[in-house]
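The values are calculated or read from the model by the stated rules, or taken from the named source; none is laboratory data. The structure displayed is predicted, hence computed values, not measured ones. Backbone-built Cβ (ideal geometry, glycine too); neighbour counts: all protein chains shown.
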Amino acid sequence: MNLKHTSKDIFGLAVENFYNSADLTPISVHLQGFDDDEIPVDYLFRNYSEMPILEKKALDLCKGNVLDVGCCAGSHSLELKKRNLEVFPIDISKKCINICQKLGLANAKHGDFYELIPKQYDTILMLMNGIGIAKSIKHLPVFFEKLKQLMHQESQVLLDSSDLIYLYDKAPEPKSSESYYGEMVFQTSYKGERSEPFPWLFLDYKLLRSEAKQHGLDCQLIYKDEHYGFLAQLRLS
């Protein structure tokens, strides 16, 4: 998960402590109006057999050189490396990248997706609600244009998201003409450290497909799970 707008490296702290001392203290996730949630830190170090079907399907589709966006502790990149794929993990967390390198991911780099130097990849992998880094519906054009800078005609983008309509009895009334119920603002905390609020986007598949088409990208549904989550593949039109 790529937390561009946090002032504290919450995920990095948790990943570092688990790697160094097997500290199982979970990461807490806060969303106004909902109960707090927890992310078990050992889940960030899961292997292929422990991954949900959606992630397995995404990894099985990866080919060529792979850009793993928001790699966190590198669980997906490590599996791709085992398959002899050339993988380039990136994350804005310096601590996470340090642990990735210690785990053997020599290509792991600290960096922001939006600031990447244009280079073409065969696969761009964006898991754990990878569309989230688009931040909002309004920011989707910037997100799609950045993707296209990193693609050639045969490239694929594999990303997942969830339709948050399940959180409501019915689709909530928009607060403005531009608001969408999948635009969330989270905070995370760990051992007394708390992040600043940061935006994170969840999209339903129909809207993703429509928005992608407007920006010259074909969108195909690869898999849909039982909890409103889905995996999609994007290609240049």
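In summary, Asn84 fulfils each of the numbered conditions (1) in contact with a helix residue (DSSP H, G or I) (Cβ under 8 Å, 6 or more places away or on another chain); (2) free of Cβ contacts under 8 Å to residues at least 12 places away in the same chain with the single exception of condition (1). In this structure, does Ile97 turn out to be buried (at least 18 other Cβ atoms within 10 Å of the Cβ), over 18 Å from Ser210 (Cβ atoms), within 18 Å of the chain's Cα centre (by Cα) and not basic (Lys, Arg)? Yes; evaluated as a whole, the condition is true for this residue.
Here is a yes/no grid of residues against (1) touching a residue at least 12 places away in the same chain (Cβ under 8 Å); (2) surrounded by 22 or more Cβ atoms within 10 Å (Cβ to Cβ); (3) of a type in the set (Val, Ile, Thr); (4) outside any strand (DSSP E or B):
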position: Asn107; (1), (2), (3), (4): yes, no, no, yes
position: Thr123; (1), (2), (3), (4): yes, yes, yes, no
position: Ile133; (1), (2), (3), (4): yes, yes, yes, yes
position: Ile137; (1), (2), (3), (4): yes, no, yes, yes
position: Pro141; (1), (2), (3), (4): yes, no, no, yes
position: Phe144; (1), (2), (3), (4): yes, no, no, yes
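Of Leu44, Leu31, Leu24, Leu61, all but one fail to be closer than 26 Å to Leu164 by Cα and in contact with an Asp or Glu (Cβ under 9 Å, 6 or more places away or on another chain); the exception is Leu31. Go through the residues of the stretch 77-85 one by one and say whether even a single one is in a helix (DSSP H, G or I) and within 18 Å of Asn129 (Cα to Cα). Within the stretch 77-85, one or more residues are in a helix (DSSP H, G or I) and within 18 Å of Asn129 (Cα to Cα).
So, of the residues in the stretch 178-207 that are in contact (Cβ under 8 Å) with a residue 40 or more places away in the chain, among the charged types (D, E, K, R) and not in a loop (DSSP other than H, G, I, E, B), which turns out to be nearest to Asp160 (Cα to Cα)? Applying the filter and picking the extreme gives Glu183.
Restrict the check to the stretch 210-218 and report whether at least one residue is assigned to a strand (DSSP E or B), among the polar types (S, T, N, Q) and modelled with pLDDT of 95 or more. No, that holds for no residue.
Residue selection: Ser189 satisfies the criterion of being in contact with a strand residue (DSSP E or B) (Cβ under 9 Å, 6 or more places away or on another chain), among the small types (Gly, Ala, Ser) and either at pLDDT 95 or above or exposed (fewer than 12 other Cβ atoms within 10 Å of the Cβ) (or both). Inspect all residues belonging to the stretch 220-235 and state whether any of them is part of a strand (DSSP E or B), among the small types (Gly, Ala, Ser) and touching a residue at least 12 places away in the same chain (Cβ under 8 Å). Taking every residue of the stretch 220-235 in turn, at least one turns out to be part of a strand (DSSP E or B), among the small types (Gly, Ala, Ser) and touching a residue at least 12 places away in the same chain (Cβ under 8 Å). Has the stretch 52-72 got any residue that is closer than 18 Å to Ile133 by Cα, surrounded by fewer than 17 Cβ atoms within 10 Å (Cβ to Cβ) and in contact with a strand residue (DSSP E or B) (Cβ under 6 Å, 6 or more places away or on another chain)? No, the stretch 52-72 contains no residue that is closer than 18 Å to Ile133 by Cα, surrounded by fewer than 17 Cβ atoms within 10 Å (Cβ to Cβ) and in contact with a strand residue (DSSP E or B) (Cβ under 6 Å, 6 or more places away or on another chain).
Restricting the stretch 7-46 to residues that are touching a residue at least 60 places away in the same chain (Cβ under 8 Å) and either touching a His at 6+ places or on another chain (Cβ under 8 Å) or of a type in the set (Ser, Thr, Tyr) (or both) leaves a set whose member that is surrounded by the most Cβ atoms within 10 Å (Cβ to Cβ) is Tyr19.
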